[in-house]
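Notes follow the structure.
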Amino acid sequence: MHPLNRPTMPAQRGFTLAELAIVLLILAILAAALLVPFSARLAAQQRDHTTALLDDIRAALIGHAIAYGRLPCPGTRRNPADPRYGEEEIDAATGLCEVDTEGMLPWRTLGLPPIDAWGLPRSAESDPWSGHFRYRVDRAFASTMPGFRIRADTVYADQIKLIDHDGNPITVSSYSGTEVLKNTLAVALVYSTGPDLTPNGANANYEGVSDATYEDGEPTTTFDDMVVWIGRPLLLARMAQAGAL
């Protein structure tokens, strides 16, 4: 073939800036569309994981009461290097809990993880308690005094109440006299501070006395705490079923 008659190849060209911009815009739109469902799935998984942990905690608290005749006390040690870190704290002089207010879950005593799905382990005393489970217990149900065991006639020493987002009572505490035994006040309560790592609603108003009010309910734009609690009737029923009363 004569060199002058060879077929010519079409000239190749690259993307123009306008075409590249369109491609990048499409990729950005697709990435954004995928990101939202992924974030929603991750948030749901984290809440499901924390729900499962809270269920385990409630079961472990009831198991502790069945095994030892009492609920455990809160933990108070702040230094992770302390050999008693994560264990319940008992006042040796009184046989009662070291604190009669809110403390941390005695996770090591119960053999459970200390943090929720958003939590961070602590390695120093100055570290924050990010995502660590908070715990409160009625003093009358956590005594270690000789011969003490929770019984059918054990009455509340504290008023640990729960309300919903509108301030309506979840627990009942209006009985008096012998009817007080019908109350459904919490004898133990545990909560996660949720993804914002901060107590919300009534839980944010820390009450440094033995009586306290906590809030529970579905997550909202201003509330993401996750709460579980044990009422006196449920605890007694579980202990009776196990032959521990």
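Every number in this text was worked out from the coordinates using simple rules, so none of it is lab data. Computed from a predicted model, the values in this text were never measured in an experiment. Cβ atoms come from the backbone with ideal geometry, glycine included; neighbour counts cover every protein chain shown.
Distance from the alpha carbon centroid of segment 51-98 to that of segment 121-187 works out to 13 angstrom. For every other residue with a beta carbon closer than 13 angstrom to the beta carbon of LEU245, add +1 if it is Lys or Arg and -1 if Asp or Glu, then tell me the sum. That works out to +4. In this simple spin-label model, placing a label point 7 Å from the Cα along the Cα-to-Cβ direction at both THR16 and VAL180 gives a separation of 8.6 nm. DSSP beta bridges confined to segment 52-241 are antiparallel in about 80 percent of cases. Here r is the Cβ-Cβ distance between ARG151 and ALA31 and R0 is 45 Å; the resulting FRET efficiency, rounded to 0.05, is 0.15. Relative to the dominant Cα principal axis of the chain, helix 232-241 is inclined by about 80°.
Spin-label model, LEU24 to ASN168: label points 7 Å out along the Cα-to-beta-carbon direction sit 5.4 nm apart. Label-to-label distance for THR94 and GLU125 is 2.4 nm, based on points extended 7 Å past Cα in the beta-carbon direction. If a spin label sat at a point 7 angstrom from the Cα of ALA43 along the line to its beta carbon, the backbone N atoms of segment 184-207 nearer than 19 Å would be those of 192-201.
Computing Rg and Dmax of the Cα atoms in Å directly from the structure and comparing it against (i) 31.1, 132; (ii) 27.8, 117; (iii) 18.4, 69 singles out (ii).
Taking Lys and Arg as +1 and Asp and Glu as -1, the other residues whose beta-carbon sits under 14 Å from that of ASP164 total -4.
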